[in-house]
Amino acid sequence: MTSVVIPKARELTLPDLKDLARGCAFLGSGGGGDPHTAMMELEALIGPDSTVQLIDAGALGDRDLVVPCGWIGAPTVSAEKLPSGEEALLGLRRLETLLGRDADAVIPVEIGGSNGLAAVLLALRAGLPLVDCDGMGRAFPESQMVIFNIRGLRACPAVLTDDKGNCVVIEAVDNVGEERIARSASVALGGTCHLVEYPLSGRQVNETALCGTVTDALAIGRAIRLGREAHGDPFAALFAALKASQQFSRAGVLFDGKIVDIRRETKDGFSLGCAVIEAFGGAERLEVEFKNENLVARVGGEIRALVPDLITIVDRETAETIVTERLRYGQRVKVIGASAPAALCEPASLAVLGPQAFGLKTAYRGIAELNGWK
Amino acid sequence: MRLGIDVGGTNTDAVLVSRGAVVAAAKRPTTADVSSGIVNATRAVLHEAGLDGSTVTRVIIGTTHFANAFVEQQDLLEVAVLRLAGRSAASVPPMSGWPKALRERVAGPCFQLPGGYEFDGRENCAFDEHAVRDAAGAIRAADVDAVAISCVFSPMRPDMEQRAAAILRQELPGVLLTTSASIGRIGFLERENATIINASLMGIARRIMQSIDGALLEAGVRAPCYVTQNDGTVATSAFAAEFPVLTFGSGPTNSMRGAAFLTGVQDAIVMDVGGTTTDIGALVHGFPRESSIAVEIGGVRTNFRMPDLLSIGLGGGTRIRLGNGTHELTVGPDSVGFRLIDEAYLFGGSTLTASDIAVKAGLAAFGDPARVPVSSPQVIAQILERFRQVFEEGLDRMKTTAADVPVILVGGGSMLVPRTLRGASRVVVPEHAAVANAVGAAVALVGGEADRIVSYEGVERKAALLELERVAFDSAVAAGADPGTLRVVDVDETFLSYLPGAHAQVRVKVVGDLATAGAGT
């Protein structure tokens with residue numbers, strides 16, 4: 001199985017972006033929202049001949065201004081109140097005014113789910129390059145769960161914008177404060193809004209960001225499609241792409257079976273729950289606990305994967321990602337585990353986004369160790 | 001006496017139902033004009049029962065004709081789209097993601113106008129009467145007859161759509177209008193798509209509903225006529241002419257509702273075994289479980305209230321290929337479909353089908369089993385075992401719990417299903433299973449629904465739910481329900497994730513019997 005090769009410094013076309021959307025959904029680890037609307041926006045915006053420039057972080061100048069962006073709010077609301085298309089640019093311009101200089105490039109704050117495409121949209125609209133990196137390496141429910149916060153960088157000034165043209169500048173004393181203020185302001189702005197935050201220098205991007213994740217997502221999405229088109233088994237292609245990826249190289253099937261139980265509740269704005277998957281013809285069961293994203297996978301009570309490692313449930317025929325809100329009894333699925341970027345697995349990172357940050361009692365152990373992957 | 005009619009792609013079935021029992025049933029070929037098939041089936045069933053058309057007090061029709069017309073792009077109108085959305089959604093123009101040919105056929109002028117609400121009911125952008133009048137002028141100039149109106153969060157607050165509709169009716173007398181709040185629920189693009197689809201079908205829907213009224217008169221039936229909707233409830237024929245899209249999923253819904261009526265079982269899995277496929281659905285309290293994911297119609301994403309169905313490629317006409325040295329035994333996925341009576345061995349043809357095997361195995365008696373060139377009991381047992389596996393897997397996928405559930409079989413190919421299935425507490429084949437669709441139409445109820453995002457801050461949860469119930473009751477009564485028989489059948493409460501505070505999307509559904517006033521039963 002040859003892996004998908006994606007050249008460095010390149011122009012992304014519409015077919016590339018469709019693959020990217022599929023890969024972002026996979027990296028959402030069960031959350032991050034459906035990229036469908038963002039894909040519709042892209043299709044309306046990008047012509048058959050236009051492209052988005054993707055550059056490596058290494059191509060940035062040390063003093064370049066790089067702006068991470070994404071959306072926050074409720075997916076249910078964003079399914080009804082769609083973007084005007086001006087939110088991101090308005091936020092970027094406001095931030096540029098605050099900082100007294102123009103931005104040189106943009107990055108996704110979060111590669112997983114629909115936010116992986118938000119920065120592509122801003123890059124197109126602002127005519128700026130997209131840098132091949134992000135701040136989360138997957139999807140997380142809160143905006144302080146990002147490598148830039150862990151490395152001590154400041155979220156502020158941050159700018160929230162909405163479809164009407166409202167603009168909220170946040171100058172919080174710390175990054176958790178920024179998350180709290182942004183979250184409550186998002187309600188006043190109508191439940192879904194665009195956020196530019198953690199303005200970075202080119203040097204800071206190179207020192208902290210999770211590099212290569214846009215290429216990784218693109219390769220994952222493309223591998224699933226090509227594997228399916230070529231011989232109907234997308235999994236060999238998916239694992240080849242993961243193995244060759246820069247950030248998710250340890251990966252495997254944690255479980256293969258059918259969903260036999262789903263429990264959900266919504267608490268404090270989070271969708272909490274648990275999916276139980278039973279092996280075909282066997283009594284063995286895997287249980288996935290989720291809080292918007294999948295947090296922990298246990299087989300017979302024994303832990304097989306823990307946040308921040310990725311746990312993604314996919315259709316066992318098509319390898320298409322099934323996000324937590326779409327899980328249903330009877331679906332035939334494979335549970336795929338993949339190692340999180342190494343930077344997320346250090347003690348300082350785990351304190352912010354590891355198992356205990358989500359209220360789990362257990363300490364983090366890496367997915368390769370838990371599964372005896374060599 | 002109720003007359004239930006199912007207009008399918010191949011057959012038009014008619015049944016008479018009285019006091020909870022099927023009195024007579026008849027099947028006639030569907031005709032291209034729809035109405036002569038209805039006349040023929042109606043006359044046949046009345047003849048069968050030895051009754052006169054005047055004994056019929058209600059006619060209820062189920063049809064997938066409008067869904068087929070859309071998919072086949074027949075008689076579609078060009079549609080102008082009015083969006084009351086302020087700046088919201090400007091980045092995704094109407095009909096984004098539609099197949100190109102369909103979009104070119106249907107797309108008229110589109111307008112992004114001031115208006116729209118927020119999730120908590122606040123105004124997002126003020127309504128602008130002049131902008132709507134200007135749009136009306138442009139629509140008149142473009143000579144477009146049908147208009148779809150969508151507004152952000154209109155399922156919570158439909159008033160801006162109604163104001164725009166009133167202005168358009170004033171400015172464009174005779175305009176064919178659909179507002180999105182009357183069609184769908186939260187989910188802007190999908191609801192707008194459904195609204196446009198509906199508007200595009202309003203021409204053909206009016207013609208067909210008129211011809212049905214004429215057909216019934218011709219068959220001597222003067223009773224009020226209703227049409228069944230996706231959720232198993234009825235609408236008046238005048239309402240169906242305005243909202244053809246709400247009939248799109250009524251075929252499988254009627255077959256499941258018919259299965260519930262014929263067996264008296266309210267919670268079960270229903271397998272409708274046809275010629276090409278088997279549709280498997282779940283009955284919950286006598287109604288089909290609805291799909292929670294986006295449904296595509298003719299390549300267009302919508303959020304209709306549609307039954308959650310699993311379609312598997314095994315029916316009476318499914319081709320069987322026997323194994324030999326080089327390839328294995330295969331069952332389907334292709335089928336001879338309605339050509340079964342020409343192509344199956346049973347009827348002198350030369351294609352081995354699932355029906356050939358079932359008859360040869362003694363599971364049914366039709367055609368000539370001596371013509372079927374398979375005699376090895378082992379091979380027959382092996383094929384039947386494959387059927388079992390396919391049905392058991394389908395059953396397993398549609399069950400909502402791990403416990404065994406009753407299974408009801410309907411449709412012409414039910415002999416393919418074993419009478420014991422892993423996962424089934426029992427397998428029931430009711431009498432009249434072949435006309436379950438028409439029975440489901442005959443026994444349809446009247447429904448009403450309310451769908452809102454509710455904030456429980458400052459409003460007691462109980463009071464908020466009661467208010468929604470009231471809205472749902474009112475809509476059911478407006479649709480013709482007897483208020484005394486109304487009951488709540490479903491309350492679905494989904495809290496909004498990633499948002500602080502107690503906001504929930506709540507859906508309340510009520511049903512009741514058709515009101516008797518004025519019409520008699």
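The values are calculated or read from the model by the stated rules, or taken from the named source; none is laboratory data. The model shown is predicted, which means the values in this text are computed figures rather than measured ones. Please note: Cβ atoms are built from the backbone with ideal geometry, for glycine as well, and neighbour counts cover all protein chains shown.
Check whether at least one residue in the stretch A:344-353 is surrounded by fewer than 17 Cβ atoms within 10 Å (Cβ to Cβ), touching a helix residue (DSSP H, G or I) at 6+ places or on another chain (Cβ under 9 Å) and under 19 Å from A:Lys291 (Cβ atoms), and report yes or no.
Filtering the stretch A:344-353 for residues surrounded by fewer than 17 Cβ atoms within 10 Å (Cβ to Cβ) gives A:346-348, A:351.
This time we only want the ones that are touching a helix residue (DSSP H, G or I) at 6+ places or on another chain (Cβ under 9 Å), so: A:346, A:348, A:351.
When the remaining residues are screened for being under 19 Å from A:Lys291 (Cβ atoms), the result is A:351.
Yes, the stretch A:344-353 contains at least one residue that is surrounded by fewer than 17 Cβ atoms within 10 Å (Cβ to Cβ), touching a helix residue (DSSP H, G or I) at 6+ places or on another chain (Cβ under 9 Å) and under 19 Å from A:Lys291 (Cβ atoms).
Within the stretch A:275-309, count every residue that is more than 21 Å from A:Ala25 (Cβ to Cβ) and either within 14 Å of chain B (Cβ to nearest Cβ) or out of contact with any helix residue (DSSP H, G or I) (no Cβ under 9 Å at 6 or more places or on another chain) (or both).
Of the residues in that region, 14 qualify.
Might you check whether a residue that is more than 31 Å from the chain's Cα centre (by Cα) and within 14 Å of chain A (Cβ to nearest Cβ) occurs anywhere in the stretch B:136-145?
Residues of the stretch B:136-145 that are more than 31 Å from the chain's Cα centre (by Cα), as a first pass: B:136-143.
Imposing the further condition that a residue be within 14 Å of chain A (Cβ to nearest Cβ) reduces the set to none.
Within the stretch B:136-145, none of the residues are more than 31 Å from the chain's Cα centre (by Cα) and within 14 Å of chain A (Cβ to nearest Cβ).
Determine whether the stretch B:28-36 contains at least one residue that is aliphatic (A, V, I, L, M) and closer than 19 Å to B:His432 by Cα. Reasoning before the result, please.
We begin by selecting, within the stretch B:28-36, every residue aliphatic (A, V, I, L, M); these are B:32, B:34.
This time we only want the ones that are closer than 19 Å to B:His432 by Cα, so: none.
Checking the stretch B:28-36: not a single residue is aliphatic (A, V, I, L, M) and closer than 19 Å to B:His432 by Cα.
Looking at the stretch B:182-232, which of the residues that are closer than 19 Å to B:Leu82 by Cα and of a type in the set (S, T, N, Q) is surrounded by the fewest Cβ atoms within 10 Å (Cβ to Cβ)?
B:Ser182
Just name the residue that is farthest from B:Arg289 (Cα to Cα) out of those in the stretch B:396-450 that are within 25 Å of the chain's Cα centre (by Cα) and hydroxyl-bearing (Ser, Thr, Tyr).
B:Ser414
When residues of the stretch B:158-186 are filtered for being charged (D, E, K, R) and at pLDDT below 95, how many remain? Before the answer, list the steps.
Within the stretch B:158-186, the first condition is being charged (D, E, K, R), and the residues that meet it are B:159, B:161, B:163, B:169, B:171, B:185.
Within this subset, residues satisfying the condition of being at pLDDT below 95 are B:159, B:185.
Total satisfying the criteria: 2.
Hand me the list of strands (runs of 3 or more DSSP E) wholly inside the stretch B:291-382 holding 3 or more residues that are closer than 30 Å to A:Leu327 by Cβ. Show your work before the answer.
Details: elements: B:295-297, B:300-302, B:309-312, B:318-321, B:330-335.
The qualifying strands (runs of 3 or more DSSP E) are B:295-297, B:300-302, B:309-312, B:330-335.
Which ranges mark the strands (runs of 3 or more DSSP E) fully within the stretch B:187-275 that have 1 or more residues being at pLDDT 95 or above and closer than 23 Å to B:Val510 by Cα?
Values: elements: B:225-228, B:234-236, B:268-273.
Counting at least 1 such residues, we get B:268-273.
Got a sec? Which of B:Gly121, B:Gly86, B:Gly187, B:Gly97 is within 14 Å of chain A (Cβ to nearest Cβ) and in contact with a Phe, Trp or Tyr (Cβ under 8 Å, 6 or more places away or on another chain)? If you could, list the steps in order and put the result at the bottom.
Values: B:Gly86 fails: in contact with a Phe, Trp or Tyr (Cβ under 8 Å, 6 or more places away or on another chain); B:Gly187 fails: in contact with a Phe, Trp or Tyr (Cβ under 8 Å, 6 or more places away or on another chain); B:Gly97 fails: in contact with a Phe, Trp or Tyr (Cβ under 8 Å, 6 or more places away or on another chain).
Every option except B:Gly121 fails the conditions.
Note down all Cβ pairs under 7 Å where the first residue falls in the stretch B:214-231 and is more than 18 Å from B:Leu16 (Cβ to Cβ), the second is part of a loop (DSSP other than H, G, I, E, B), and they're at least six residues apart or on different chains.
Correct list of pairs: B:Asn230/B:Phe248; B:Asn230/B:Gly249; B:Asn230/B:Phe304; B:Asn230/B:Arg305; B:Asn230/B:Met306; B:Asp231/B:Arg305.
State all residues of the stretch B:117-161 that are in contact (Cβ under 8 Å) with a residue 60 or more places away in the chain, more than 27 Å from B:Val471 (Cβ to Cβ) and not in a strand (DSSP E or B); if no residue qualifies, say none.
B:Ala142, B:Val144, B:Asp145
Name the residue, out of B:Leu310, B:Leu314, that is surrounded by 14 or more Cβ atoms within 10 Å (Cβ to Cβ), under 16 Å from the mean Cα position of the chain (by Cα), over 30 Å from B:Ser150 (Cβ atoms) and assigned by TED's automatic domain parsing to the domain that holds B:Val273. Steps first, answer last, please.
Values: B:Leu314 fails: under 16 Å from the mean Cα position of the chain (by Cα).
Result of the check over B:Leu310, B:Leu314: B:Leu310.
If you take the residues of the stretch A:68-87 that are at the interface with chain B (Cβ under 7 Å from one of its Cβ atoms) and among the polar types (S, T, N, Q), which of them is nearest to A:Ala158 (Cα to Cα)?
A:Ser84
Take the residues in the stretch A:12-66 that are within 12 Å of chain B (Cβ to nearest Cβ) and among the small types (Gly, Ala, Ser); name whichever of them is surrounded by the fewest Cβ atoms within 10 Å (Cβ to Cβ).
Top of the filtered list is A:Ala44.
Looking at the stretch A:244-262, can you tell me whether even one residue there is of a type in the set (Phe, Trp, Tyr) and away from every other protein chain (no Cβ under 11 Å)? Please lay out each step first, then the result.
Within the stretch A:244-262, the first condition is being of a type in the set (Phe, Trp, Tyr), and the residues that meet it are A:248, A:255.
Then drop every residue that is not away from every other protein chain (no Cβ under 11 Å), which leaves A:248, A:255.
Checking the stretch A:244-262: at least one residue is of a type in the set (Phe, Trp, Tyr) and away from every other protein chain (no Cβ under 11 Å).
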